[in-house]
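Worksheet: one structure, shown below.
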Amino acid sequence: MTTTPDTTISSSYGQDDWVKPYKNDPWRGNLSTPINDSPIAKAYIRNLPAYRPGLSPFLRGLEIGMAHGYFLVGPEVVVGPLRETAHGANLSGLITAIYITVSACLGISIFAITTFQGDPRGAYNSHSQDDLRPMRNKEDWFQLCGGILLGSMGGAVFAYILLENFDDLDAILRGAVNVSQAVFNGLFGFIG
């Protein structure tokens with residue numbers, strides 16, 4: 001059973017209205033606004049790693065994981081229960097980021113296993129023409145999950161290392177340590 005758009009409802013929206021039914025079909029349950037249907041918003045969304053053309057699922061996951069792993073450490077360090085300890089906050093942030101990543105990968109795996117049992121119907125089947133759904137089988141989702149896990153672990157460890165060595169990095173960036181002279185003296189000994 002197919003439904004055709006009711007012309008009385010879609011004709012009630014004028015040409016100058018900023019908010020209209022998406023693709024002039026009020027039965028889709030979506031609205032076309034300057035925020036979600038503008039060319040700038042569409043270009044931004046199509047450039048995100050989840051939708052960018054030409055990337056393998058593993059590389060999509062790796063890029064997504066690196067960004068999220070790096071930023072998952074921060075909230076635990078700033079507002080976590082160990083925020084007053086010297087190194088406990090950083091380690092707690094690392095452990096929390098790893099836990100959240102493993103939980104997300106478990107959820108992605110469950111989604112892939114349950115969605116692609118037998119012959120899936122709808123937007124996730126392998127014959128879908130929707131370009132915003134680049135992963136169309138279980139193996140692609142598992143590769144995405146592996147990339148997210150590896151990227152997130154790397155991003156979280158990188159953030160942890162930066163936080164643990166913050167005082168040294170701060171001294172270098174402020175110029176309190178002359179790196180070139182320290183390297184020169186370390187390699188050639190102190191001269192004069």
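Would you be able to say whether some residue in segment 112-123 is at pLDDT 85 or above, loosely packed, with under 12 Cβ neighbours inside 10 Å and in the same structural domain as I148 (by TED's automatic domain parsing)? Checked segment 112-123: at least one residue is at pLDDT 85 or above, loosely packed, with under 12 Cβ neighbours inside 10 Å and in the same structural domain as I148 (by TED's automatic domain parsing).
Residues that are within 24 Å of the chain's Cα centre (by Cα) and exposed (fewer than 12 other Cβ atoms within 10 Å of the Cβ) were ranked within segment 70-105; the one that is nearest to G151 (Cα to Cα) is S103. When the residues of segment 38-76 are filtered to those that are touching a helix residue (DSSP H, G or I) at 6+ places or on another chain (Cβ under 8 Å) and among the β-branched types (V, I, T), the one that is farthest from S109 (Cα to Cα) is V73. The residues of segment 23-37 that are of a type outside the set (A, V, I, L, M) and either in contact with a helix residue (DSSP H, G or I) (Cβ under 8 Å, 6 or more places away or on another chain) or not in a helix (DSSP H, G or I) (or both), listed by number, are N24, D25, P26, R28, G29, N30, S32, T33, P34, N36, D37.
Within segment 38-58, being part of a loop (DSSP other than H, G, I, E, B) and not charged (D, E, K, R) holds for S38, N47, L48, P49, A50, Y51, P53, G54, L55, S56.
The values are calculated or read from the model by the stated rules, or taken from the named source; none is laboratory data. Model, not experiment: these values are computed from the prediction. Positions of Cβ are backbone-derived with ideal geometry, glycine not excepted, and every protein chain shown enters the neighbour counts.
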